[in-house]
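The values are calculated or read from the model by the stated rules, or taken from the named source; none is laboratory data. Source: prediction; values computed, not measured. Virtual Cβ from ideal backbone geometry, glycine too; neighbours counted across all protein chains shown.
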Amino acid sequence: MDLQEALEIEKISETRYKGKHCLSKPHPTLPGVYGGNMAAQALLVAIRSSPKGFTPHSLHSFFLKAGSDQEVFTWEVDKTSDGRTFCNRIIKGVQSDGVKYVATISLTKRNSVKGAENSYREYQEQIKNNKEEIDNLSPVAKPFGFGRPYPKWLSKYDPDSLPVHPRVDNRQIVHKLPPEMTDLELTAKEEEGMPFSERQLSFFVKWGKKDNNELPNLEEFRVPGLAVLSDSLFLTRLARLLRIPDLDHTNIRHYFSVSLDHIMYFHDVDYDPTKWMGFSFNAMRLSNNRVLLEGEMYNDKGQHVVSIIQEGLVKFDGLENKAKL
């Protein structure tokens, strides 16, 4: 099944949609479907249920129960508001045994940095060429912004020079890991002298199959594709952040973990999830078996385009006794 078809939905009514296919698990042994796919399909529902031209700028969501990979999701939509430049949707993902996922999604017509720069440039041209009619022009403010700098791990490597992580065989996500992700010796001097919350892991990721990334309708699936990537290699890498020795850090899972919520902020529309994107994250707080993660995603030009917040439930079962804090 191709990337878009796996997430495709059909409209039942103005406030109800249904997935065409069952969503997949991240691994056959895990209890529920992959959270990134749930977020992606909810975002697709939000886009389809909103006026033309609106794209999501934020998603705030909760995983209430494990989703089944044996049943499609029905999506219930509450059209909270529709404005000229913003609209909002509350979306529930439902299966036969109840609500599994709920998301509040806000969409806007103005989320392109390049578009804002072009509007300002055109305004300056109008002022230059129509000096006598300046008072009749609608003012356009000069765009201003900033983002997290591109991580140094990613700056060191061309993704084409790194091997594909073997997990690509199980999902439609391709990862490439810098050596620093898996070899503790390479970062011992730097990381062991810094607080746990300041350690940062970075890698490359893209949406697709190893040999085929063609998407006939990328524009509509740009945001859902990014959501698929946003939940990968995130919660399962705490053992690496904790610098627990005697573990194979190329392995994904060493302990129990489950996502409790997932938040995304889309800062721009200039990205292609089928090209190599940078992903960097850190753990801000760990207590009461819950960890709070914060991450950034960068487009193929190295620009910060998405921010992610997630809280997860983790149980190390004694593994934490070897942590280097």
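Summary table below
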{"item": "Arg89 vs. criteria out of contact with any Asp or Glu (no Cβ under 9 Å at 6 or more places or on another chain), basic (Lys, Arg) and either at pLDDT below 95 or not in a loop (DSSP other than H, G, I, E, B) (or both)", "result": "no"}
{"item": "Pair list, Cβ < 9 Å and 6+ apart or interchain, from segment 17-46 residues that are in contact (Cβ under 8 Å) with a residue 60 or more places away in the chain and assigned by TED's automatic domain parsing to the domain that holds Gln95 to residues that are charged (D, E, K, R) and assigned to a helix (DSSP H, G or I)", "result": "Tyr17/Arg48; Pro26/Arg167; His27/Arg167; Leu44/Glu220"}
{"item": "Any chance Ile9 is surrounded by fewer than 23 Cβ atoms within 10 Å (Cβ to Cβ), modelled with pLDDT of 95 or more and in contact with a Leu (Cβ under 8 Å, 6 or more places away or on another chain)", "result": "yes"}
{"item": "Long-range neighbours under 8 Å by Cβ, at least six apart or interchain, first residue over 25 Å from Val223 (Cβ atoms) within segment 103-128, second among the β-branched types (Val, Ile, Thr) and assigned to a helix (DSSP H, G or I)", "result": "Ile127/Ile134"}
{"item": "Pairs where the first residue, in segment 225-237, is in the same structural domain as Met38 (by TED's automatic domain parsing) and the second is surrounded by fewer than 23 Cβ atoms within 10 Å (Cβ to Cβ) and in a helix (DSSP H, G or I), C-beta under 9 Å, 6+ apart", "result": "none"}
{"item": "Odd one out for Arg16 among (1) under 16 Å from Gln70 (Cβ atoms); (2) out of contact with any Lys or Arg (no Cβ under 9 Å at 6 or more places or on another chain)", "result": "(1)"}
{"item": "Top-ranked residue in segment 283-318 [being crowded, with 17+ Cβ neighbours inside 10 Å and under 16 Å from Ala239 (Cβ atoms); ranked as farthest from the chain's Cα centre (by Cα)]", "result": "Phe316"}
{"item": "Some residue of segment 248-262 being surrounded by fewer than 22 Cβ atoms within 10 Å (Cβ to Cβ), at pLDDT 95 or above, among the polar types (S, T, N, Q) and under 19 Å from Met181 (Cβ atoms)", "result": "no"}
{"item": "Out of Glu76, Glu71, sole residue that is assigned to a strand (DSSP E or B), assigned by TED's automatic domain parsing to the domain that holds Lys25 and among the charged types (D, E, K, R)", "result": "Glu76"}
{"item": "Any hit, segment 253-264, residues being in a helix (DSSP H, G or I) and out of contact with any Asp or Glu (no Cβ under 6 Å at 6 or more places or on another chain)", "result": "no"}
{"item": "Cross-chain or 6+ apart pairs with Cβ under 7 Å, segment 60-78 first and under 15 Å from Ser257 (Cα atoms), then in a loop (DSSP other than H, G, I, E, B) and at pLDDT below 95", "result": "Ala66/Pro31; Ala66/Gly32"}
